[in-house]
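The values are calculated or read from the model by the stated rules, or taken from the named source; none is laboratory data. As the structure is a prediction and not an experimental result, all values here were calculated from the model. Counting neighbours? That spans all protein chains shown, and the Cβs are built from the backbone with ideal geometry, glycine included.
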Amino acid sequence: MTLDHRVLVITSVPDQIGPILTARFPDLPIRIEDDADKVASVLDEFRPSVIFAIGGEPYPKNRFPDLLAYPSVRWLSNGGAGVEHIGTWDPADKTVTNAAGVNAPFLAQFTIAAHMSANIGMPRYARQQQARQWERHEWPPLTDRKFCVVGLGSIGRLVAQHAKYFGMRTVGTRSTARPTDHVDEVFASKDLLKALDGAEFVSVHCASTPETAGMIDDAAFDAMADGVIFLNAARGAVVDEDALRRALDSGKIGTAILDVFRTEPLPRDNPLWDYENVIVTPHMADSISGWEVNLTRAFGDNLARWIAGDPLASLVDPARGY
């Protein structure tokens with residue numbers, strides 16, 4: 001190993017992350033930093049060729065372009081699936097990877113549990129409990145009901161697989177229509193409205209790109225079944241929030257489970273807080289205990305490939321945005 005491989009890790013949990021990497025790469029120069037205000041000076045002092053960072057804590061996402069632009073940096077490993085905060089880069093000069101799929105099983109578990117909870121009517125029962133009201137309601141079985149997954153990536157495919165366990169009719173979208181395990185019918189992304197037509201469950205898991213911005217709009221909600229259970233665990237920018245509120249006001253949406261928003265944290269004066277049939281979660285769908293450890297181990301596997309000169313996993317295409 002040579003000093004050409006100098007690794008800067010930006011993390012809010014250095015005591016968890018540091019030992020994993022230093023034990024696996026004892027001869028590699030590795031710097032762990034948990035203070036965002038020190039990162040600029042660390043870059044100048046340490047001059048890393050590789051950076052592994054998780055946006056938000058402790059390092060603001062809007063400063064990620066500065067990391068990638070630093071002259072010594074050849075590879076930025078983003079500790080999350082979304083890379084819309086990184087900006088643009090020349091893949092001939094810089095390499096960007098993400099953590100797509102690392103925590104996909106857990107996000108899929110959250111998703112299917114949320115859909116099933118809404119279908120049973122658990123939010124209503126929670127309100128009844130607060131009112132000390134004993135009232136039983138029938139709930140519709142899942143067999144043969146249409147479940148649409150918007151974005152059949154690593155997460156979306158697992159969500160479809162779980163839905164299939166319940167005998168649901170699964171459809172989904174991906175960049176190009178092609179056969180996909182556990183999905184009865186696959187549509188190209190351009191045919192989104194066809195996929196959504198009559199869907200009683202809609203689960204959004206696509207990447208945030210210029211092409212997907214605001215694509216869940218009035219027409220998309222109109223295509224869904226009345227009383228649809230709608231979940232967004234992708235990015236807030238994918239959903240037109242005004243159209244979402246119109247669909248809530250009209251009764252088109254039975255329950256909305258929203259884990260992501262255009263502005264995060266969701267402002268206290270945002271009307272979405274006030275709907276009884278909206279469940280707001282704070283961008284935590286894959287926040288299992290030890291999620292940082294999972295991401296770090298995946299980064300370690302990729303770092304070993306980088307050192308060996310092997311192709312990296314989860315390479316991001318800047319033209320596609322994922």
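Below are the figures for this structure:
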item: Count of residues meeting criterion [within 17 Å of the chain's Cα centre (by Cα) and buried (at least 23 other Cβ atoms within 10 Å of the Cβ)] in the stretch 173-215; result: 7
item: Top-ranked residue in the stretch 38-61 [being modelled with pLDDT under 95 and not hydroxyl-bearing (S, T, Y); ranked as nearest to N302 (Cα to Cα)]; result: I54
item: Helices (runs of 4 or more DSSP H) within the stretch 163-280 that include 2 or more residues of a type in the set (G, A, S) and farther than 17 Å from G151 by Cβ; result: 241-250
item: Any pair with Cβ under 8 angstrom, 6 or more apart, that starts in the stretch 210-234 at a residue that is over 29 Å from N103 (Cβ atoms) and ends at one that is part of a loop (DSSP other than H, G, I, E, B) and charged (D, E, K, R); result: D218/D240; D222/K252; A223/D197; A225/E200; D226/K252; G227/E200; G227/K252
item: Cross-chain or 6+ apart pairs with Cβ under 8 Å, the stretch 137-157 first and in the same structural domain as A225 (by TED's automatic domain parsing), then among the acidic types (D, E); result: R145/E200; K146/E200; F147/E200; R157/D181
item: Scope the stretch 216-245; condition of a type in the set (D, E) and either buried (at least 22 other Cβ atoms within 10 Å of the Cβ) or closer than 23 Å to L107 by Cα (or both); matching residues; result: D240, E241
item: Residue that is nearest to I10 (Cα to Cα), among those in the stretch 61-73 that are aliphatic (A, V, I, L, M) and crowded, with 17+ Cβ neighbours inside 10 Å; result: L67
item: Among the candidates L303, L258, L295, residue that is in the same structural domain as T209 (by TED's automatic domain parsing) and crowded, with 16+ Cβ neighbours inside 10 Å; result: L258
item: Residues satisfying the stated conditions in the stretch 74-99, i.e. of a type in the set (D, E, K, R), touching a residue at least 60 places away in the same chain (Cβ under 8 Å) and either closer than 18 Å to V9 by Cβ or part of a strand (DSSP E or B) (or both); result: none
item: Scan of the stretch 1-27 for residues that are more than 17 Å from N294 (Cβ to Cβ) and free of Cβ contacts under 8 Å to residues at least 40 places away in the same chain, ordered by number; result: T2, L3, T22, P26, D27
item: Exclusive hit being at pLDDT 95 or above and over 20 Å from A104 (Cβ atoms), set L295, L315, L266, L258; result: L266
item: Among the candidates A113, A104, residue that is buried (at least 18 other Cβ atoms within 10 Å of the Cβ) and of a type in the set (A, V, I, L, M); result: A104
item: Evaluation of R297 against (1) assigned to a helix (DSSP H, G or I); (2) closer than 22 Å to A126 by Cα (one fails), failing number; result: (2)
